[in-house]
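Report on the structure given below.
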Protein chains: 2
Amino acid sequence: MPDVKHFEPDAVLDQVVRLFWERGAEVTGIAEIVRATGLSRSSLYATFGGKERLQAAALRRYLERQSRPVFDALAADQRGLPAVDGFFERLVAARCTGKHARWGCLVTNAHTGAAREVPEIREVLDAHHGALRAAMRAALRSARELGQTRPGLDLDACSENLALLAYGVNLRSRAGAEPAELLAGVRAVLDGFAHTEER
Amino acid sequence: MPDVKHFEPDAVLDQVVRLFWERGAEVTGIAEIVRATGLSRSSLYATFGGKERLQAAALRRYLERQSRPVFDALAADQRGLPAVDGFFERLVAARCTGKHARWGCLVTNAHTGAAREVPEIREVLDAHHGALRAAMRAALRSARELGQTRPGLDLDACSENLALLAYGVNLRSRAGAEPAELLAGVRAVLDGFAHTEER
DNA sequence: CTTATCTTGGACCGGCCGTTCCAAGATAAG
DNA sequence: CTTATCTTGGAACGGCCGGTCCAAGATAAG
């Protein structure tokens, strides 16, 4: 009997992700979301709840649609260190060029905002970190099995290191860092994970 | 003939730094600054200009009073890799415990905000990055002169790497990361810079 | 076609935003 | 003590904030 929604929530959420990602969630007002999506405030609030819930939903979506595929590809890539190197090469390229240039990473950006203390949002930040670190660990394990790594390499510590490094890249890219600098910074650590003799 | 200021601008700026650092510049209103400092809006605007100028001044002050002394100590510390290790140990401790726990770094936090595009503010972000990287480079040069580093280490790339890593630590600390995880992530890279045989 | 139910547009809420302005107050030179 | 100059308190500005509300509209079951 009831009426149905006159829009696709998924498509709307994608537009919200774009707004929050490029401009920042904190400085993007409800009015701007209404304007960009064409929705009315009523539909927005009925579908997503308030702004905090909307931001949490946007973060979850970003994680699943933007981050997860890349993380999964990294975890599945069995080339070892070249897989990690390729990940960072594509990361730097995506952060510094193309249509998302200088946007940074939505989840990385959320770390500094006031919303980081909201449990529903903190969960996404931690899930993102866990997924990134796990993907790094899988790639490093492949590297070890291929005999690419120096003896005694602590996979947990190294994957945490690379995850933290990715945040640094994301952050600095948003402030205009040079791709060459970022890449050099990345490769310095991969050299250290490899056999000294080989490089 | 004229009247003089009835307050100390330096002391006020310190209070502003504290507010922007803990809560975030974007969500700290002028009213809150007026309340915390006891100044009137008139004095605030006459002394510092608008909010953007105030944020730039706060960032410059943070860099000089908080970051620079630590960077200088790192650059002057001639112990080599232990100096770098000590820097990160103190960094993680400061970010996760004590009165500034979970505040992150004011400059790091500013990377994600809308103000990052303001030239006066971008300059501080770049100056901070340059100073951090230079300090890392000096410490690594000492390490090399002490024979602590593996052959062929690229000091520029490695110092950039450590600087990016510091941003990662600052960022994740603000979202509640565990000190042990952060430290493990740091040490993984230092191991890679050293002679493989020694560790 | 009626009816029950959900959706939609958009007016409206109190409150805060950063900023401006001016009269009153404080200062120190003459 | 007068006077010129700067500072100060605080009212006021238009505008945007996130959120609520309700009448009008759309839908599909009966």
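The values are calculated or read from the model by the stated rules, or taken from the named source; none is laboratory data. Quantities reported herein were computed from a predicted structural model and do not represent experimental measurements. When we count neighbours, we look across all protein chains shown, and the Cβ atoms used for this are built from the backbone with ideal geometry, even at glycine.
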Picking from A:A138, A:A110, the residue that is facing chain B (nearest Cβ under 9 Å) and at pLDDT 95 or above would be A:A110
Result of the Cβ filter at 7 Å on region B:85-106, keeping first residues that are polar (S, T, N, Q) and partners that are not in a helix (DSSP H, G or I), at least 6 apart or interchain, is none
Across region B:11-35, the tally of residues that are over 13 Å from B:A58 (Cβ atoms) and either away from DNA strand D (no atom under 13 Å from the Cβ) or within 14 Å of chain A (Cβ to nearest Cβ) (or both) stands at 3
Taking region A:47-65 and keeping only residues that are surrounded by fewer than 17 Cβ atoms within 10 Å (Cβ to Cβ) and polar (S, T, N, Q), one is left with A:T47
Among B:T112, B:T108, B:T47, the single one that is away from DNA strand C (no atom under 16 Å from the Cβ), assigned to a helix (DSSP H, G or I) and not basic (K, R) is B:T108
Considering residues that are on the phi < 0 side of the Ramachandran plot and surrounded by 11 or more Cβ atoms within 10 Å (Cβ to Cβ), the number found within region B:1-28 is 19
Out of curiosity, is A:R122 in a helix (DSSP H, G or I), facing chain B (nearest Cβ under 9 Å) and touching a Gly at 6+ places or on another chain (Cβ under 9 Å)?
yes
When region A:58-80 is checked residue by residue, the ones that are more than 19 Å from A:Q15 (Cα to Cα) and aromatic (F, W, Y) are A:F71
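Quick grid of which residues meet (1) over 16 Å from the mean Cα position of the chain (by Cα); (2) away from DNA strand C (no atom under 16 Å from the Cβ); (3) in a helix (DSSP H, G or I); (4) not acidic (D, E):
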site: A:D10; (1), (2), (3), (4): yes, no, yes, no
site: A:T28; (1), (2), (3), (4): yes, no, no, yes
site: A:A31; (1), (2), (3), (4): yes, no, yes, yes
site: A:R60; (1), (2), (3), (4): no, yes, yes, yes
site: A:V84; (1), (2), (3), (4): no, yes, yes, yes
site: A:E89; (1), (2), (3), (4): no, yes, yes, no
site: A:V92; (1), (2), (3), (4): no, yes, yes, yes
site: A:W103; (1), (2), (3), (4): no, yes, no, yes
Check region A:38-50 and report whether any residue there is closer than 30 Å to B:N161 by Cα, touching a helix residue (DSSP H, G or I) at 6+ places or on another chain (Cβ under 8 Å) and free of Cβ contacts under 8 Å to residues at least 60 places away in the same chain.
no
Scanning region B:164-185 for residues that are more than 7 Å from chain A (Cβ to nearest Cβ), of a type in the set (A, V, I, L, M) and in a helix (DSSP H, G or I) gives B:A166, B:A180, B:L182, B:L183
In region B:146-163, anything assigned to a loop (DSSP other than H, G, I, E, B) and either facing chain A (nearest Cβ under 7 Å) or crowded, with 23+ Cβ neighbours inside 10 Å (or both) is listed as B:R150, B:D154
Within region B:36-59, the residues that are more than 11 Å from DNA strand D (Cβ to nearest atom) and among the small types (G, A, S) are B:A36, B:G49, B:G50, B:A56, B:A57, B:A58
Per the filter on region A:97-128, residues out of contact with any Lys or Arg (no Cβ under 6 Å at 6 or more places or on another chain), crowded, with 22+ Cβ neighbours inside 10 Å and under 30 Å from A:T149 (Cβ atoms) are A:C105, A:V107, A:T108, A:L125, A:H128
On the given criteria, is A:Q66 in contact (Cβ under 8 Å) with a residue 60 or more places away in the chain and either not basic (K, R) or not in a loop (DSSP other than H, G, I, E, B) (or both)?
no
